[in-house]
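First comes the structure, then the notes that go with it.
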Amino acid sequence: LLPGAPLGNAAAAHRMPAAVSMRHKDFVNRVTRSLEGRLRLCVHRTNNHIYAQVVDDSKGFIVASASTIERAEDTEYGGNCEAAVDVGKRVAERAIEKGVQKVWFDRNGRKYHGRIAALADAAREAGLSF
């Protein structure tokens, strides 16, 4: 069975896969920015933790990452701005060690406010440009 091939049923014709450009709302932006050579600083936030990764979308490779669960023994709670600042500094230092200077900031649909903004500002102060 080949992907996208009809199943021999007339009703299956409406279940064809969507066009690649329409699968994700930011897919086109990710592709064009990865072709420009900029890596993506992707941030994920939960109530108790925050995670940051520098991703090379052209290769599908994670260059650097940091989160509040790595150093759970140092901080009691990872869901505050102080923890986000610490994660931002660590992910920027690790990215710079790998030779990454320019990234674009992917906030995953969250508002640029609070912990997201604190992480971004700390990464900028540590040397990343976006």
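The values are calculated or read from the model by the stated rules, or taken from the named source; none is laboratory data. Quick caveat, the model's predicted, so the values are computed rather than measured. Note that we place each Cβ from the backbone using ideal geometry, even for glycine, and neighbour counts take in every protein chain shown. For accessibility, only protein heavy atoms count, side chains too; no ligands or nucleic acids. Shrake-Rupley method; radii C 1.70, N 1.55, O 1.52, S 1.80 Å.
Residue separation of Lys102 and Phe61 scaled by 0.36 nm, minus their Cα-Cα distance, works out to 13.2 nm of gained length. Taking every protein chain into account, the 1.4 Å probe leaves Tyr51 with about 60 Å² of accessible area, to the nearest ten. With the simple model of a label 7 Å out from the Cα in the direction of the Cβ, Ala117 to Ile69 spans 2.8 nm. Segment Glu93..Arg110, full-extension length gain: 3.8 nm, with 0.36 nm per residue of separation and the alpha-carbon distance subtracted.
Length gained on full extension, Val28 to Asn47, computed as 0.36 nm times the residue gap minus the Cα-Cα distance: 3.9 nm.
Give the calculated FRET efficiency between Cys81 and Leu35 to the nearest 0.05, with a Förster radius of 30 Å applied to their Cβ-Cβ distance. Could you put the intermediate results ahead of the total?
Working: r = 34 Å, r/R0 = 1.14.
About 0.30, to the nearest 0.05.
Of the trypsin sites (Lys or Arg not before Pro) found in segment 51-119, the ones in coil according to DSSP and having at most 12 other Cβ atoms within 10 Å of their Cβ are Lys59, Lys98, Lys111. Rounded to whole Å, the principal axis extents of the Cα atoms in segment 50-130 read 36, 27, 23, largest first. Computed with a 1.4 Å probe on the full set of protein chains, the accessible area for Val55 sits at about 20 Å².
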